[in-house]
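The values are calculated or read from the model by the stated rules, or taken from the named source; none is laboratory data. Computed from a predicted model, the values in this text were never measured in an experiment. When we count neighbours, we look across all protein chains shown, and the Cβ atoms used for this are built from the backbone with ideal geometry, even at glycine.
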Amino acid sequence: MIFEVTPIVHAYKATPEWWDNLRKPEGNPYRIVNNRAFNNANMKTCSGFLELYKRGIVLENWSDRIIKIANNRMDTWASFDTGCDIHDKQLYGEGFKNYFHLKLTSPWFFKEKTGVKFVFLGAEWNLEDFYFRVLPGVVDYKLNSSTHINMMIPNYTSEFIIPIGLPLAIMVPLSEKKVKIRQHLVSEYEWKKMSFHSQTSFYGWRKFVQLDKRNQKRESKCPFS
């Protein structure tokens with residue numbers, strides 16, 4: 001169901017409805033007539049927005065999720081739960097005092113061969129009706145394939161729903177090369193094999209980077225040949 005209903009798409013296929021409804025200005029949006037300045041520009045011509053949605057890849061919410069906060073406690077349920085986690089406040093110390101942490105366990109695993117880095121951002125232009133924050137970072141999908149979504153939920157809310165199909169995150173490759181998306185529906189056995197990632201080591205992703213460099217050296221020509 002997730003594979004069919006909420007696939008991974010290029011960001012330009014998931015632009016917010018308010019942006020789709022804007023009329024693109026005709027001609028030069030900035031002009032002077034009879035010594036008076038006219039500005040007919042809108043977000044349809046915003047280069048920052050256009051480049052983000054031209055280059056990015058969108059991860060949509062794959063299940064309706066209910067968030068309820070009461071008595072300094074957060075509870076959450078999902079219509080189709082792939083799992084979630086709540087990090088202890090000791091992980092981020094005095095930061096985010098007015099928030100609860102929530103990590104949504106994504107059913108998607110990404111694999112990319114070259115090691116190109118991706119900026120992982122919240123899909124803020126699609127999230128105007130929500131107060132939670134999707135936490136940003138820089139990731140690669142050569143050694144770590146998970147696409148879990150870390151978010152901070154404000155403790156001053158009461159109850160709300162994050163609907164299925166809502167764009168939650170945009171991943172932008174730090175490369176001029178165009179990224180091609182190839183999606184595969186795999187068996188549960190194959191899916192579990194792909195879930196192997198840097199958390200398998202107590203030393204985290206740094207250890208996996210060291211091992212990857214070691215293995216690249218091993219692939220060099222044999223010194224005894």
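Tabulated data for the structure shown
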{"read-out": "First in the stretch 95-122 and free of Cβ contacts under 8 Å to residues at least 12 places away in the same chain, second anywhere and surrounded by fewer than 16 Cβ atoms within 10 Å (Cβ to Cβ) and not β-branched (Val, Ile, Thr), Cβ under 9 Å, 6 or more apart", "value": "GLY95/LYS89; LYS97/LYS89; LYS97/ASN155"}
{"read-out": "Residue ID - nearest to VAL179 (Cα to Cα), chosen from residues in the stretch 10-37 that are modelled with pLDDT under 95 and surrounded by 11 or more Cβ atoms within 10 Å (Cβ to Cβ)", "value": "LEU22"}
{"read-out": "Single condition THR82 does not satisfy, out of (1) modelled with pLDDT of 90 or more; (2) in a loop (DSSP other than H, G, I, E, B)", "value": "(1)"}
{"read-out": "Residue tally, condition surrounded by fewer than 15 Cβ atoms within 10 Å (Cβ to Cβ) and under 19 Å from the mean Cα position of the chain (by Cα), over the stretch 162-183", "value": "9"}
{"read-out": "Single unsatisfied condition, GLU124 versus (1) at pLDDT below 95; (2) under 29 Å from LEU52 (Cα atoms)", "value": "(1)"}
{"read-out": "Residues being more than 16 Å from GLY165 (Cα to Cα) and in contact with a strand residue (DSSP E or B) (Cβ under 7 Å, 6 or more places away or on another chain) - total across the stretch 70-111", "value": "16"}
{"read-out": "Residue tally, condition part of a helix (DSSP H, G or I), in contact (Cβ under 8 Å) with a residue 24 or more places away in the chain and of a type in the set (A, V, I, L, M), over the stretch 39-68", "value": "2"}
{"read-out": "Residue in the stretch 92-102 that is more than 21 Å from VAL179 (Cα to Cα), of a type in the set (S, T, N, Q) and outside any strand (DSSP E or B) present", "value": "yes"}
{"read-out": "Sole residue being without any contact (Cβ under 8 Å) to a residue 40 or more places away in the chain and surrounded by 18 or more Cβ atoms within 10 Å (Cβ to Cβ), chosen from TYR141, TYR131, TYR189", "value": "TYR141"}
{"read-out": "Strands (runs of 3 or more DSSP E) wholly inside the stretch 103-181 that include at least 2 residues being farther than 28 Å from GLN210 by Cα and in contact with a Phe, Trp or Tyr (Cβ under 6 Å, 6 or more places away or on another chain)", "value": "149-154"}
{"read-out": "Among (1) within 25 Å of TYR131 (Cβ to Cβ); (2) at pLDDT 95 or above - the single one LEU50 does not satisfy", "value": "(1)"}
